[in-house]
Amino acid sequence: MAGLSDIRSGREYELTEIVKQRHFVYEGGVSVLSEIKNLHGFSVTIKTGSISGSRGQYVSAISDAFKILSSFDFHKGLNKKIIIYLSDHKMVKNIAFMNGENITIFLGSRIKNHMSAAKPSKKPPIVSVKGGVTAGVGRARGIADYMYDVTSRQLFKNPKESAMIKTVVIHEMGHALHEHFHPEIFWDLKRESTAQAYNSCGWINASFDVSQYATTNALEFVAETFTGMALGEKYGKIVANAYSALGGPQ
């Protein structure tokens, strides 16, 4: 497993990536700096760059995400400030970084880039949040795409986009909590040379019961499974055992 020096090196690298992403946010212009000291038990700062649409929609969806996470008491074991940057700059990714002191999440324009199913055969069951439906050209579908699909439209509102934003935030917090509670496993999974040792836990086969995006790698399997569980999905033993073996947040 990754030792202290490996963890420290990984976090130092994350800090350099934060600087790069933050540069793109400020390049596009920052319109609002808004600190929310306590968001359902979490210490959150939201920094808004140039975005299309309603900033209120983002803030509301982010609040909904942390409300869900607080119901699992994750805020009680997390003594870090969470900084969230919002930006439509084309170089800003939907990504979370952990530098040991804070959790930094960037939400870029792709947060609203819904990936439709290529050939949806029927309306998916409302109870399930699985996203393992063949995607169109571009990328794999995740649970966020599925939640967009099953959320009803409303006149003069964008609940489908809000559902996607909320789900992406939960997904990124899944990565952050994974690193916080089990950094030795997280940083092993970050390195190709050590990640393969975890394939024996069965995550590859288990990932097909979670979402298409969960099949990408072990880290995405953990984050997608975490997201599904937070949204009420009950997974079987194969998924649960693999998730536990990879140090998924409980």
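Among the residues of the range 10-52, write down those that are under 14 Å from Phe97 (Cβ atoms) and loosely packed, with under 15 Cβ neighbours inside 10 Å.
Glu12, Tyr13, Thr16, Val19, Lys20, His23
So which residues in the range 9-62 are polar (S, T, N, Q) and either closer than 18 Å to Asn79 by Cα or in a loop (DSSP other than H, G, I, E, B) (or both), if there are any at all?
Going through the range 9-62, the residues polar (S, T, N, Q) turn out to be 9, 16, 21, 31, 34, 38, 43, 45, 48, 50, 52, 54, 57, 60.
Across the range 9-62, the qualifying residues are Asn38, Ser43, Thr45, Ser50, Ser52, Ser54.
Kindly evaluate His175 against the criterion of being at pLDDT below 95 and either hydrophobic (A, V, I, L, M, F, W, C) or assigned to a helix (DSSP H, G or I) (or both). Break it down into steps so the answer makes sense when it comes.
Working: at pLDDT below 95: no; either hydrophobic (A, V, I, L, M, F, W, C) or assigned to a helix (DSSP H, G or I) (or both): yes.
No; evaluated as a whole, the condition is false for this residue.
Could you say which residue among Lys93, Lys67, Lys80, Lys76 is surrounded by fewer than 22 Cβ atoms within 10 Å (Cβ to Cβ), under 29 Å from Glu12 (Cβ atoms), charged (D, E, K, R) and without any contact (Cβ under 8 Å) to a residue 40 or more places away in the chain? Lay out the reasoning, then the answer.
On the way: Lys93 fails: without any contact (Cβ under 8 Å) to a residue 40 or more places away in the chain; Lys67 fails: under 29 Å from Glu12 (Cβ atoms); Lys80 fails: without any contact (Cβ under 8 Å) to a residue 40 or more places away in the chain.
Being surrounded by fewer than 22 Cβ atoms within 10 Å (Cβ to Cβ), under 29 Å from Glu12 (Cβ atoms), charged (D, E, K, R) and without any contact (Cβ under 8 Å) to a residue 40 or more places away in the chain holds for just one of Lys93, Lys67, Lys80, Lys76, which is Lys76.
Please enumerate the residues belonging to the range 81-94 that are touching a Phe, Trp or Tyr at 6+ places or on another chain (Cβ under 9 Å) and either within 16 Å of His175 (Cβ to Cβ) or in a loop (DSSP other than H, G, I, E, B) (or both).
Scanning the range 81-94 gives Ile82, Ile84, Tyr85, Ser87, His89, Lys90, Met91, Val92, Lys93, Asn94.
Of all the residues that make up the range 191-232, how many are closer than 25 Å to Ala65 by Cα, of a type in the set (D, E, K, R) and modelled with pLDDT under 95?
Counting residues in the range 191-232 that are closer than 25 Å to Ala65 by Cα, of a type in the set (D, E, K, R) and modelled with pLDDT under 95 gives 1.
Look through Phe66, Phe97 and report the one residue that is at pLDDT 65 or above, of a type outside the set (Lys, Arg), in a helix (DSSP H, G or I) and out of contact with any Pro (no Cβ under 9 Å at 6 or more places or on another chain). Break it down into steps so the answer makes sense when it comes.
Numbers: Phe97 fails: in a helix (DSSP H, G or I).
Phe66 is the lone residue from the list that is at pLDDT 65 or above, of a type outside the set (Lys, Arg), in a helix (DSSP H, G or I) and out of contact with any Pro (no Cβ under 9 Å at 6 or more places or on another chain).
Against the conditions (1) within 17 Å of the chain's Cα centre (by Cα); (2) under 18 Å from Phe181 (Cα atoms); (3) of a type outside the set (Gly, Ala, Ser), where does Asp64 fall short? Just the number, please.
Failed condition: (2).
When both residues are 6+ apart or on different chains and their Cβ atoms are under 8 Å apart, which pairs have a first residue that lies in the range 185-201 and is under 12 Å from Leu219 (Cα atoms), and a second that is surrounded by fewer than 12 Cβ atoms within 10 Å (Cβ to Cβ)?
Listed by first residue and then by second, the contacts come to Asp188/Ala197.
The values are calculated or read from the model by the stated rules, or taken from the named source; none is laboratory data. Nothing here was measured: the structure is a model prediction, and the numbers come from that model. Neighbour counts are summed over all protein chains in view; Cβ atoms, including those assigned to glycine, are modelled from backbone coordinates with ideal geometry.
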